[in-house]
Amino acid sequence: MAKIIAERLNFYYGDFRALADISMHIEEYQITALIGPSGCGKSTFLRCLDRMNDTIPGTRVEGKVWLDGQDIYAPGTDVVDLRRRVGMVFQRPNPFPQTVFDNVAFGPRVLGLHKKENLADIVEASLRGAALWDEVKDNLKQDALSLSLGQQQRLCIARAIAVRPEVILMDEPCSALDPIDTLEIEELMRRLKVDYTIVIVTHNMQQAARVSDWTGFFWLGRLVEFAATQDMFTKPTHELTESYITGRAG
Amino acid sequence: MNQPQRFRWAEFTIEALIRVLGFSTIGFVLLIFLFLLREGLPTFFEVPLGNLFGTRWYPTFDLFGTLPLILGSALVTLTAIVIALPLGVATAVFVREVAPGWARELLKPMIEVLAGIPSVVLGFFGMTVIAPLVRQTLGAPTGLTAFTGALILAYMSLPTLISVAEDALDAVPKSYRDAGLAMGATQWQTIWRVVVPAARSGIVTAVMLGLGRAIGETMAVMMVTGNAARLPLTLDSLFRPVRTMTATIAAEMGEVAQGSVHYHALFAIGIILFLMTFLINLAAALTIFQKRRRGGLR
Ligand SMILES: Nc1ncnc2c1ncn2[C@@H]1O[C@H](COP(=O)(O)OP(=O)(O)OP(=O)(O)O)[C@@H](O)[C@H]1O
Ligand SMILES: [Mg+2]
């Protein structure tokens, strides 16, 4: 079943059209990878899905994005609630300069979840969910910035899942990490997709092939090809796709 | 051969000049400090310590208790900070985070102009406008109180506080704001729970710089605090006249005989004041240093 459907989505930075007529189905409890050369609009598309582009002045959206059948760009949409349902993990790990505990507790606190449930339980469950619990459980009061980069990124994932989103968007979550941390995050993603719908932007073809179920190939703001990952990497239908994934273009 | 030679001479002259200027600045500071010590230190031999740190300042009767003055300065300064901190931080947040671009461009220079108002003008304003207001609202016998002084001082330290706090907010990386918003926090929640805490050490620095400026301020304070050298220990002290260290020096230095015990005692107050400001500035410098080391500025 499709969790998110983008329908003829156009996006403009001022006069510059960064996305042109993107239509895509993002399946629930699956990992969808977005690939393509630098500047082709992958991040822009991703930020359309939780309306983070709203924070950039002078931008404009046309078309529709349906989340569970509701248009998230319809007037009157609660953007704050949307972003609770659609979480985001960024390229550079960006934990707040606070304790590990406070980082994970941030979302539950601002959303008032801690009034109904035990905050410590939420934090523990989220850290376990992000495969970080065993490494930090003895010192939840340590400064988040004292963790290694890989740990910081998993902390950001824990922070994101603490508010129990339905979708997690990841924009090149491993590009600042070393290969071991990268494999750890990929392993984590495979476990997370049981509970979450995941969309990941990546520059790493092997990563897309390894973790994703679906792959979308962007080129100059257009979605050139969208297919099951296996098909995409074994028998791409477009010449452009083939030359990109075999490393001859881009 | 000729050309490079001349070039190097110019270089040498400029360098030497800069060096002389730099060292002479340090030299002047040292000289002032030595002068302060030479004039003030004798007090500690001429006046018994019990008297010097006693509770009564009546130079005519050889009573040189500096405690009321120290506490007076502390009371006025701390109250000023308590008033200025929330105002300053709120203004900085507004200017940096909320105000639209054109308003920011308008507000920033205006805040800087505030810093340029001579303190005697503020003192005059305090005497003629604020003091009567304080007297009426409190029903007090006089409007010249510690509180009035604190109001004026708060106003004076605001420009420094705001601009330093604003710089601190500005240094908070956008990635923190994005993370907060992407979590479903509102703009306000992101500001208060992410951005302001992340700028905390910078805001502490801002407060200390404001504090350093406020404690040394003389003219405006002397004009509005009533200058009664009484020990501000009761609860209502805030709304009674008070005397600060700076006001004491300024008021009495003119009529004191050079070399007398009283004269030396005034310099001793100067030494105490100098030490206090020095410690505050040191604390500010240390927080900045700590922030750098923690990588808070990335
Ligand atoms: N804030 C912005 N203002 C103006 N143009 C922008 C902005 N952000 C991105 N763009 C432009 O939009 C286009 C798509 O950018 P986007 O960041 O989505 O690409 P990307 O596929 O994520 O690239 P990369 O792989 O380098 O991250 C680029 O041409 C970029 O220059
Ligand atoms: Mg990108």
Practice item. For A:ILE168, indicate whether it is closer than 25 Å to A:CYS48 by Cα and more than 9 Å from chain B (Cβ to nearest Cβ). Key: yes
Review point. Quick one: which strands (runs of 3 or more DSSP E) sit completely within the range A:20-108 and have at least 1 residues that are more than 14 Å from chain B (Cβ to nearest Cβ) and either surrounded by fewer than 22 Cβ atoms within 10 Å (Cβ to Cβ) or within 16 Å of ligand 1 (Cβ to nearest atom) (or both)?
Key: A:31-35, A:59-67
Exercise for review: Output the residues belonging to the range A:109-121 that are within 21 Å of B:THR186 (Cα to Cα) and part of a helix (DSSP H, G or I).
Suggested key: A:ARG109, A:VAL110, A:LEU111, A:LEU113, A:HIS114, A:LYS115, A:LEU119
Study note, to complete from the structure: Residues in the range A:155-176 that are within 16 Å of ligand 1 (Cβ to nearest atom), under 11 Å from the mean Cα position of the chain (by Cα) and of a type in the set (A, V, I, L, M) total 2
**Study point:** Test result for A:GLU62, more than 16 Å from ligand 2 (Cβ to nearest atom) and under 19 Å from the mean Cα position of the chain (by Cα)
**Key:** no
Point to revise | When residues of the range A:151-172 are limited to those that are touching a Ser or Thr at 6+ places or on another chain (Cβ under 8 Å) and of a type outside the set (A, V, I, L, M, F, W, C), the one surrounded by the fewest Cβ atoms within 10 Å (Cβ to Cβ) | key: A:GLU166
Check your understanding: Would you pick out the residues in the range A:191-247 that are among the small types (Gly, Ala, Ser), away from ligand 1 (no atom under 16 Å from the Cβ) and under 22 Å from A:ALA20 (Cβ atoms)?
Key -> A:ALA227, A:SER243
Revision key, fill the gap. Of those in the range A:204-225 that are surrounded by fewer than 18 Cβ atoms within 10 Å (Cβ to Cβ) and closer than 26 Å to A:GLU7 by Cβ, the residue farthest from ligand 2 (Cβ to nearest atom) is A:ASP213
Revision key, fill the gap. A:GLU135: passes all of (1) assigned to a helix (DSSP H, G or I); (2) surrounded by fewer than 19 Cβ atoms within 10 Å (Cβ to Cβ); (3) within 13 Å of another protein chain (Cβ to nearest Cβ) but (3)
Practice item. Look at B:ALA171 and say whether it is aliphatic (A, V, I, L, M), surrounded by fewer than 21 Cβ atoms within 10 Å (Cβ to Cβ) and within 14 Å of another protein chain (Cβ to nearest Cβ). Key: yes
Point to revise | Checklist (1) more than 10 Å from chain A (Cβ to nearest Cβ); (2) in a helix (DSSP H, G or I); (3) in contact with a Pro (Cβ under 8 Å, 6 or more places away or on another chain) applied to B:THR128, failing item | key: (3)
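We did not get these values from a lab; they are worked out from the coordinates using the rules stated. As the structure is a computational prediction, the values presented were derived from the model and not from experiment. No Cβ is skipped: glycine too gets one built from the backbone with ideal geometry, and neighbour counts run over all protein chains shown.
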